[in-house]
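Asker: The structure that follows is given in the form of C-alpha coordinates.
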Amino acid sequence: MTATPVPRRLYIYDDLSEELRAHGERSHVQRLGQTLLGLLRRDPRVILLTLEGQIEALIARGAHAPFAVAIGVGRAGARVAAEIHTRTAWFPTINRVEVWREEDEAGGYALAGPSPLASQLGTVADADSVAVVDDTIFSGLTMRAVLAALPPRPARRVHAFCLRGVAESVESVARLAPVTGGILAPGRILEDVSFINASGLVHRGAIRRAQRGPLAFFERPEWMTAWFPGYADDAIALCRAIHEAVAAPPDGRAPRRQGGSRGPSAPTGSRQPGSSARR
(Lines give C-alpha, C1' and ligand atoms only; values in the text may rest on other atoms or scores of the structure.)
Protein backbone atom coordinates (compact mmCIF):
# COMPACT_ATOMS: atom_id res chain seq x y z
CA MET A 1 0.00 0.00 0.00
CA THR A 2 1.33 3.43 -0.92
CA ALA A 3 2.02 5.58 2.11
CA THR A 4 -0.25 8.57 2.56
CA PRO A 5 1.81 11.72 1.91
CA VAL A 6 2.17 14.42 4.55
CA PRO A 7 0.75 17.61 2.97
CA ARG A 8 2.82 20.77 3.28
CA ARG A 9 -0.37 22.70 3.97
CA LEU A 10 -3.50 21.22 5.55
CA TYR A 11 -6.57 23.44 5.36
CA ILE A 12 -9.24 22.55 7.92
CA TYR A 13 -12.67 24.16 7.65
CA ASP A 14 -13.89 24.63 11.21
CA ASP A 15 -17.52 23.57 10.88
CA LEU A 16 -17.32 21.92 14.31
CA SER A 17 -17.14 24.85 16.75
CA GLU A 18 -20.65 26.10 16.01
CA GLU A 19 -22.09 22.62 16.46
CA LEU A 20 -20.33 22.00 19.75
CA ARG A 21 -21.38 25.38 21.16
CA ALA A 22 -24.95 24.09 21.05
CA HIS A 23 -23.98 21.69 23.83
CA GLY A 24 -23.21 24.60 26.17
CA GLU A 25 -20.11 26.71 26.70
CA ARG A 26 -19.06 24.74 29.78
CA SER A 27 -20.02 21.28 28.58
CA HIS A 28 -17.60 18.37 28.47
CA VAL A 29 -17.92 18.04 24.69
CA GLN A 30 -17.26 21.76 24.24
CA ARG A 31 -14.05 21.47 26.26
CA LEU A 32 -12.98 18.48 24.19
CA GLY A 33 -13.59 20.43 20.99
CA GLN A 34 -11.59 23.40 22.22
CA THR A 35 -8.72 21.10 23.17
CA LEU A 36 -8.76 19.47 19.72
CA LEU A 37 -8.79 22.77 17.84
CA GLY A 38 -6.09 24.13 20.13
CA LEU A 39 -3.94 21.11 19.29
CA LEU A 40 -4.42 21.72 15.56
CA ARG A 41 -3.64 25.43 15.83
CA ARG A 42 -0.20 24.66 17.24
CA ASP A 43 0.80 22.96 13.99
CA PRO A 44 2.29 25.57 11.60
CA ARG A 45 1.21 23.42 8.62
CA VAL A 46 -2.47 23.65 9.58
CA ILE A 47 -4.64 26.56 8.42
CA LEU A 48 -8.08 26.79 10.02
CA LEU A 49 -10.80 28.26 7.80
CA THR A 50 -14.09 29.89 8.77
CA LEU A 51 -17.28 30.02 6.74
CA GLU A 52 -17.41 33.81 6.87
CA GLY A 53 -13.81 34.23 5.77
CA GLN A 54 -14.27 31.97 2.77
CA ILE A 55 -17.51 33.64 1.67
CA GLU A 56 -15.97 37.10 2.00
CA ALA A 57 -13.01 36.00 -0.13
CA LEU A 58 -15.33 34.58 -2.79
CA ILE A 59 -17.53 37.68 -2.98
CA ALA A 60 -14.48 39.95 -3.18
CA ARG A 61 -13.51 38.31 -6.48
CA GLY A 62 -16.31 40.13 -8.30
CA ALA A 63 -20.05 40.59 -8.67
CA HIS A 64 -22.43 38.49 -10.78
CA ALA A 65 -25.88 39.05 -12.17
CA PRO A 66 -28.48 36.79 -10.53
CA PHE A 67 -28.72 33.26 -11.96
CA ALA A 68 -32.02 31.69 -12.97
CA VAL A 69 -31.09 28.53 -11.03
CA ALA A 70 -28.29 27.65 -8.64
CA ILE A 71 -27.44 23.96 -8.26
CA GLY A 72 -26.21 23.13 -4.77
CA VAL A 73 -24.13 19.96 -4.74
CA GLY A 74 -25.52 18.09 -1.76
CA ARG A 75 -26.39 19.61 1.60
CA ALA A 76 -23.10 21.52 1.87
CA GLY A 77 -23.39 23.03 -1.61
CA ALA A 78 -26.98 24.09 -1.02
CA ARG A 79 -26.02 25.69 2.29
CA VAL A 80 -23.13 27.56 0.68
CA ALA A 81 -25.42 28.82 -2.08
CA ALA A 82 -27.93 30.06 0.50
CA GLU A 83 -25.22 31.78 2.56
CA ILE A 84 -23.85 33.53 -0.52
CA HIS A 85 -27.33 34.56 -1.64
CA THR A 86 -28.09 36.30 1.66
CA ARG A 87 -25.12 38.59 1.00
CA THR A 88 -25.35 39.00 -2.79
CA ALA A 89 -28.83 38.02 -4.12
CA TRP A 90 -27.09 35.97 -6.83
CA PHE A 91 -29.07 32.74 -6.27
CA PRO A 92 -32.82 33.40 -5.83
CA THR A 93 -33.66 29.78 -6.77
CA ILE A 94 -31.57 26.95 -5.34
CA ASN A 95 -32.00 23.32 -6.38
CA ARG A 96 -30.06 20.52 -4.73
CA VAL A 97 -28.54 17.48 -6.41
CA GLU A 98 -27.15 14.48 -4.58
CA VAL A 99 -23.87 12.99 -5.77
CA TRP A 100 -20.95 11.73 -3.74
CA ARG A 101 -17.90 9.59 -4.05
CA GLU A 102 -17.58 6.31 -2.25
CA GLU A 103 -14.85 3.75 -1.87
CA ASP A 104 -15.40 0.63 -3.90
CA GLU A 105 -14.28 -2.91 -3.14
CA ALA A 106 -11.41 -2.64 -5.66
CA GLY A 107 -9.74 0.06 -3.59
CA GLY A 108 -10.74 3.03 -5.73
CA TYR A 109 -13.47 5.63 -5.81
CA ALA A 110 -16.64 5.94 -7.85
CA LEU A 111 -19.37 8.56 -7.97
CA ALA A 112 -22.71 7.53 -6.53
CA GLY A 113 -26.12 9.04 -5.90
CA PRO A 114 -29.80 8.21 -5.53
CA SER A 115 -30.40 8.66 -9.27
CA PRO A 116 -28.40 9.63 -12.38
CA LEU A 117 -27.27 13.25 -12.46
CA ALA A 118 -28.97 13.81 -15.81
CA SER A 119 -32.37 13.01 -14.30
CA GLN A 120 -31.72 15.16 -11.22
CA LEU A 121 -30.78 18.12 -13.45
CA GLY A 122 -33.78 17.87 -15.77
CA THR A 123 -35.47 20.78 -13.99
CA VAL A 124 -32.82 23.23 -15.26
CA ALA A 125 -33.24 22.32 -18.94
CA ASP A 126 -34.91 25.64 -19.80
CA ALA A 127 -32.86 27.88 -17.50
CA ASP A 128 -30.84 30.46 -19.39
CA SER A 129 -28.31 30.84 -16.56
CA VAL A 130 -27.10 28.20 -14.10
CA ALA A 131 -24.68 28.40 -11.17
CA VAL A 132 -23.20 25.20 -9.75
CA VAL A 133 -22.17 25.68 -6.13
CA ASP A 134 -20.08 23.40 -3.93
CA ASP A 135 -18.02 23.85 -0.82
CA THR A 136 -14.77 22.26 -2.09
CA ILE A 137 -13.01 21.54 -5.37
CA PHE A 138 -10.18 19.12 -4.59
CA SER A 139 -9.71 16.76 -7.53
CA GLY A 140 -12.64 18.44 -9.30
CA LEU A 141 -14.28 15.08 -10.02
CA THR A 142 -17.71 15.91 -8.60
CA MET A 143 -17.92 19.43 -10.00
CA ARG A 144 -16.87 18.28 -13.46
CA ALA A 145 -19.48 15.52 -13.36
CA VAL A 146 -22.28 17.96 -12.51
CA LEU A 147 -21.22 20.47 -15.17
CA ALA A 148 -20.96 17.73 -17.80
CA ALA A 149 -24.45 16.47 -16.94
CA LEU A 150 -26.20 19.82 -17.40
CA PRO A 151 -28.84 19.62 -20.16
CA PRO A 152 -27.47 21.41 -23.26
CA ARG A 153 -28.91 24.84 -24.08
CA PRO A 154 -27.42 27.31 -26.57
CA ALA A 155 -25.91 30.49 -25.11
CA ARG A 156 -26.62 29.45 -21.52
CA ARG A 157 -24.57 31.30 -18.89
CA VAL A 158 -22.96 28.70 -16.61
CA HIS A 159 -20.64 29.48 -13.70
CA ALA A 160 -19.14 27.32 -10.95
CA PHE A 161 -18.55 28.50 -7.38
CA CYS A 162 -16.68 26.98 -4.44
CA LEU A 163 -15.57 28.17 -1.03
CA ARG A 164 -12.16 26.53 -1.33
CA GLY A 165 -10.21 24.65 -3.95
CA VAL A 166 -6.84 23.47 -5.21
CA ALA A 167 -5.79 25.86 -7.96
CA GLU A 168 -4.76 23.20 -10.48
CA SER A 169 -8.07 21.35 -10.04
CA VAL A 170 -10.00 24.60 -10.39
CA GLU A 171 -8.18 25.11 -13.70
CA SER A 172 -9.43 21.72 -14.92
CA VAL A 173 -13.00 22.65 -13.99
CA ALA A 174 -12.59 26.00 -15.75
CA ARG A 175 -12.29 24.15 -19.06
CA LEU A 176 -16.01 23.39 -18.68
CA ALA A 177 -17.18 26.66 -17.11
CA PRO A 178 -15.77 29.78 -15.44
CA VAL A 179 -15.04 29.25 -11.75
CA THR A 180 -15.03 31.61 -8.78
CA GLY A 181 -13.47 30.31 -5.60
CA GLY A 182 -12.88 31.81 -2.18
CA ILE A 183 -9.63 30.23 -0.95
CA LEU A 184 -7.50 28.86 -3.83
CA ALA A 185 -4.45 26.89 -2.73
CA PRO A 186 -1.52 26.32 -5.12
CA GLY A 187 0.33 23.02 -5.36
CA ARG A 188 -0.25 19.33 -5.92
CA ILE A 189 -3.19 17.68 -4.21
CA LEU A 190 -2.22 15.55 -1.22
CA GLU A 191 1.53 16.28 -1.37
CA ASP A 192 1.36 20.07 -1.22
CA VAL A 193 -2.17 20.73 -0.07
CA SER A 194 -5.16 18.92 1.40
CA PHE A 195 -8.56 20.09 2.62
CA ILE A 196 -10.63 18.48 5.35
CA ASN A 197 -13.64 19.46 7.44
CA ALA A 198 -13.25 19.47 11.21
CA SER A 199 -16.63 17.76 11.53
CA GLY A 200 -15.33 14.88 9.40
CA LEU A 201 -12.70 14.16 12.02
CA VAL A 202 -15.35 13.12 14.53
CA HIS A 203 -18.54 12.23 12.60
CA ARG A 204 -19.10 9.10 10.58
CA GLY A 205 -20.01 9.87 7.00
CA ALA A 206 -16.76 11.66 6.14
CA ILE A 207 -15.70 8.42 4.42
CA ARG A 208 -18.43 6.65 2.47
CA ARG A 209 -17.95 3.05 1.42
CA ALA A 210 -19.95 1.01 -1.07
CA GLN A 211 -21.93 -1.72 0.66
CA ARG A 212 -20.29 -0.91 4.00
CA GLY A 213 -20.86 1.53 6.82
CA PRO A 214 -19.38 5.02 6.77
CA LEU A 215 -16.37 6.07 8.80
CA ALA A 216 -15.05 9.19 10.48
CA PHE A 217 -11.52 10.30 9.71
CA PHE A 218 -10.28 9.27 13.16
CA GLU A 219 -11.14 5.70 12.14
CA ARG A 220 -8.49 5.88 9.40
CA PRO A 221 -5.29 6.08 11.48
CA GLU A 222 -3.00 6.08 8.43
CA TRP A 223 -4.63 9.31 7.22
CA MET A 224 -4.53 10.86 10.68
CA THR A 225 -0.83 10.01 10.97
CA ALA A 226 -0.11 11.76 7.66
CA TRP A 227 -2.22 14.81 8.48
CA PHE A 228 -1.01 15.20 12.07
CA PRO A 229 2.53 13.79 12.22
CA GLY A 230 3.92 13.51 15.71
CA TYR A 231 0.61 14.03 17.49
CA ALA A 232 -1.82 11.77 15.62
CA ASP A 233 -2.48 9.59 18.69
CA ASP A 234 -3.57 12.63 20.71
CA ALA A 235 -5.76 13.86 17.85
CA ILE A 236 -7.37 10.44 17.40
CA ALA A 237 -8.10 10.13 21.11
CA LEU A 238 -9.78 13.55 21.20
CA CYS A 239 -11.78 12.85 18.05
CA ARG A 240 -12.98 9.52 19.42
CA ALA A 241 -13.98 11.13 22.72
CA ILE A 242 -15.98 13.85 20.92
CA HIS A 243 -17.61 11.26 18.66
CA GLU A 244 -18.66 9.15 21.61
CA ALA A 245 -19.92 12.14 23.59
CA VAL A 246 -22.05 13.40 20.70
CA ALA A 247 -23.24 10.02 19.41
CA ALA A 248 -24.22 8.70 22.85
CA PRO A 249 -25.04 11.60 25.18
CA PRO A 250 -25.16 10.60 28.87
CA ASP A 251 -28.80 11.62 29.31
CA GLY A 252 -29.84 9.14 26.63
CA ARG A 253 -31.19 11.69 24.16
CA ALA A 254 -30.78 11.15 20.44
CA PRO A 255 -27.54 12.40 18.86
CA ARG A 256 -27.55 16.10 17.98
CA ARG A 257 -26.07 15.46 14.54
CA GLN A 258 -26.49 12.71 12.01
CA GLY A 259 -24.58 12.14 8.82
CA GLY A 260 -21.11 13.27 7.89
CA SER A 261 -19.08 16.14 6.60
CA ARG A 262 -18.22 16.88 3.01
CA GLY A 263 -15.10 17.46 1.07
CA PRO A 264 -12.88 16.53 -1.88
CA SER A 265 -12.78 13.56 -4.17
CA ALA A 266 -9.73 11.67 -5.23
CA PRO A 267 -9.46 10.59 -8.87
CA THR A 268 -11.38 7.46 -9.75
CA GLY A 269 -9.31 4.34 -9.25
CA SER A 270 -7.05 5.54 -6.43
CA ARG A 271 -7.99 5.51 -2.78
CA GLN A 272 -6.53 8.72 -1.50
CA PRO A 273 -7.43 10.72 1.58
CA GLY A 274 -9.69 13.68 1.16
CA SER A 275 -12.00 15.75 3.24
CA SER A 276 -15.04 13.60 2.81
CA ALA A 277 -17.21 11.41 0.70
CA ARG A 278 -17.76 14.12 -1.88
CA ARG A 279 -15.51 16.18 -4.19
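Asker: At 0.36 nm per residue, and after removing the present C-alpha to C-alpha distance, how many nm does the segment from SER27 to GLU191 gain when stretched out fully?
Answerer: 55.3 nm
Asker: What trypsin sites (Lys or Arg not before Pro) does the stretch 87-176 have in DSSP loop regions with at most 14 other beta carbons within 10 Å?
Answerer: Within the stretch 87-176, the qualifying trypsin sites (Lys or Arg not before Pro) (loop, at most 14 other Cβ atoms within 10 Å) are ARG175.
Asker: Pairs of alpha-carbon atoms within less than 8 angstrom and 6+ residues apart define the contacts here; what relative contact order does the chain have, in percent?
Answerer: Once divided by the residue count of the chain, the mean separation gives 23 percent.
Asker: Could you work out the local net charge near LEU184, counting Lys and Arg as +1, Asp and Glu as -1, over the other residues with Cβ closer than 11 Å to its Cβ?
Answerer: 0
Asker: Further question on the same structure: When the C-alpha atoms of the chain are aligned to their principal axes, what extent does each axis show, in angstrom, from largest down?
Answerer: 55, 42, 36
Asker: Something else now. Pop out the ³J(HN,Hα) list for the stretch 8-19 in order, Karplus 6.51 cos²θ - 1.76 cosθ + 1.60 with θ = phi - 60°, rounded to Hz; leave Gly and Pro as x.
Answerer: Per residue, the Karplus-derived 3J(HN,Hα) values read 5, 9, 10, 8, 10, 7, 7, 9, 9, 4, 4, 5 Hz.
Asker: How many percent of the accessible area of the chain is carbon or sulfur, using a 1.4 Å probe?
Answerer: Accessible surface attributable to carbon and sulfur in the chain totals 53 percent.
Asker: With a ≥ b ≥ c taken as the square roots of the eigenvalues of the C-alpha gyration tensor of the stretch 1-60, please select rounded if a/c is under 1.5 and otherwise prolate if a/b is larger than b/c or oblate if it is not?
Answerer: oblate
Asker: Using protein chains only and a probe of 1.4 angstrom, how many square angstrom of ARG220 are accessible, to the nearest 10?
Answerer: For ARG220, solvent-accessible area is about 30 Å².
Asker: Quick check for you: which residues of the stretch 10-54 have the amide N under 18 Å from the point 7 Å beyond the Cα of GLU244 toward its beta carbon?
Answerer: Those under the cut-off are 28-36.
The values are calculated or read from the model by the stated rules, or taken from the named source; none is laboratory data. Everything quoted here is computed from the prediction, not taken from an experiment. For neighbour counting, all protein chains shown are included, and Cβ atoms are generated from backbone atoms with ideal geometry for every residue, glycine included. These area figures cover heavy atoms from the full protein model, side chains too; ligands, DNA and RNA do not enter into them. Shrake-Rupley method; radii C 1.70, N 1.55, O 1.52, S 1.80 Å.
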